[in-house]
1. Taking the range 1-57 on its own, how many of its residues are touching a Lys or Arg at 6+ places or on another chain (Cβ under 8 Å) and of a type in the set (S, T, Y)?
2. Yes or no: the range 79-98 includes at least one residue that is touching a strand residue (DSSP E or B) at 6+ places or on another chain (Cβ under 8 Å) and among the polar types (S, T, N, Q).
3. Pairs, please: C-beta under 8 Å, at least 6 apart or cross-chain, first residue farther than 18 Å from K94 by Cα and in contact (Cβ under 8 Å) with a residue 24 or more places away in the chain and in the range 52-68, second among the hydroxyl-bearing types (S, T, Y) and assigned to a loop (DSSP other than H, G, I, E, B)?
4. Report yes if R287 is outside any loop (DSSP other than H, G, I, E, B), open to solvent by 20 Å² or more (accessible area, probe 1.4 Å), without any contact (Cβ under 8 Å) to a residue 60 or more places away in the chain and not polar (S, T, N, Q), otherwise no.
5. Within the range 94-112, identify whether any single residue is within 23 Å of R287 (Cα to Cα) and open to solvent by less than 10 Å² (accessible area, probe 1.4 Å), and answer yes or no.
6. Can you tell me which of (1) part of a helix (DSSP H, G or I); (2) surrounded by fewer than 16 Cβ atoms within 10 Å (Cβ to Cβ); (3) within 24 Å of the chain's Cα centre (by Cα) is the one D38 doesn't meet?
7. Just to be sure I understand, how many residues within the range 240-258 are within 23 Å of the chain's Cα centre (by Cα) and either part of a strand (DSSP E or B) or surrounded by fewer than 16 Cβ atoms within 10 Å (Cβ to Cβ) (or both)?
8. Just give me the residues in the range 133-188 being open to solvent by 40 Å² or more (accessible area, probe 1.4 Å), in contact (Cβ under 8 Å) with a residue 40 or more places away in the chain and of a type in the set (G, A, S), in sequence order.
Amino acid sequence: MEMMDINILTDRQREKLEQQIEDNQNIIITCHKSPDGDALGSCLAWAEYLTTQHGKAPVVVIPDAFPDFLQWLPGTEQIVRYDKHKEHVELLLKTADLVFCLDFNSADRVDTMCEALKNTPAKRVMIDHHLNPDLDTVLLISRPEMSSTAELVFRIIWQMGDFESITKKCATTIYCGMMTDTGGFTYNSARPEIFYIIGLLLTKGIDKDKIYRKVYNNYSASAIKMRGYVMYERLQVFPESHACYFSISRGDMTRFHFIKGDAEGLVNEPLRIKGMRLSISLREDDRRDNLVWVSLRSVGEFTCNDIAERYFNGGGHKNASGGRLLCSLEEAEKVVAQVIDMLKIRKTEKLKKCQQTAFFRALSFILPPFLLILQTE
């Protein structure tokens, strides 16, 4: 395989990272609330790397539960959850020397664990691919153009010169992170370096097809029924705006025995409709009142991160973002409908402007300049 340049660290960053790993013993690795495949995969891969290549004993700490379809990932049995072991995690953070913050850009992304993370005396290193990093660190490795934090982890390991000796377990978790954060390599994955990395991971003996099946073909019968029900009963399509939304209520979750992860990826389904550019999902929190989780997906040059930031108290990537609304599900649906309606208005205004520009451009070829000035004033 022809070599491709996939290094991302400056010499100073690499030296700093090597020094931090060498000098510190009590190491914590953590990620954002409701860990997805990238958050979990990158944390487990980095933990495996530090253990096998540097002789460390890092502890992976996460704020709360992760989806059932990720339980199979190697290393999940050693994860410590803050929501279940609050005092233990707080003690770990108080006595830590170094905390690796993976796949989140600010402390509030760890939710209830935020204060414990802010108050740790440990040095912090951030490895992330989200916009606008906002965390006090001794080393910041932030590359929003990357497909995933798992891709960043691979590139760092590669640049440290340790790829040849990484384990199959490490390669498996990296691939899972890259795969899930690109929707099975269907968005944010057009750069050739991504597939070069996949080729390298395959040399470690990973079974990419099996990883795909374990993640995407691992639902219960109830979960499949719920997904069908939501698409049939709850999907609202707005062809003029090239957008749609659907909602999942507490009642729906109870009816279909919902467990974390049952709605994973469902927001992508409506984008299979011809001409659809934006899909928004609303999910009522199953425990807290007046809290609705929002997921957004878009295609091509239609960006959804600005919509998430402006209207849904969130943010994210160009084609995959999220947020939340502090209101009832019914109120959230009204907000989404208004946002989609505004998209239609903007599209109409943009079309009129383009038509007007084209009209005056055509006139410029046949009218004297002074008449054209009168037309545009």
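The values are calculated or read from the model by the stated rules, or taken from the named source; none is laboratory data. Source: prediction; values computed, not measured. Every residue, glycine as well, gets a Cβ built from its backbone with ideal geometry; the counts of neighbours run over all protein chains shown. SASA here: full protein model, heavy atoms, side chains in, ligands and nucleic acids out. Shrake-Rupley method; radii C 1.70, N 1.55, O 1.52, S 1.80 Å.
1. Result for the range 1-57: 1.
2. Step one: of the range 79-98, the residues touching a strand residue (DSSP E or B) at 6+ places or on another chain (Cβ under 8 Å) are 79-82, 88-89, 92-93, 96-98.
Narrowing the set further to residues that are among the polar types (S, T, N, Q) leaves none.
No, the conditions are met nowhere in the range 79-98.
3. Short answer, once both residue conditions are applied: T52/T167; D64/S34; D64/Y82; A65/S34; F66/S34.
4. Numbers: outside any loop (DSSP other than H, G, I, E, B): no; open to solvent by 20 Å² or more (accessible area, probe 1.4 Å): yes; without any contact (Cβ under 8 Å) to a residue 60 or more places away in the chain: yes; not polar (S, T, N, Q): yes.
No: the conditions fail for R287.
5. To start, the set of residues in the range 94-112 that are within 23 Å of R287 (Cα to Cα) comprises 107-112.
Now drop any that are not open to solvent by less than 10 Å² (accessible area, probe 1.4 Å), which leaves 107, 110.
Within the range 94-112, one or more residues are within 23 Å of R287 (Cα to Cα) and open to solvent by less than 10 Å² (accessible area, probe 1.4 Å).
6. Of (1) part of a helix (DSSP H, G or I); (2) surrounded by fewer than 16 Cβ atoms within 10 Å (Cβ to Cβ); (3) within 24 Å of the chain's Cα centre (by Cα), only one is false for D38: (2).
7. Final tally of qualifying residues: 6.
8. S165
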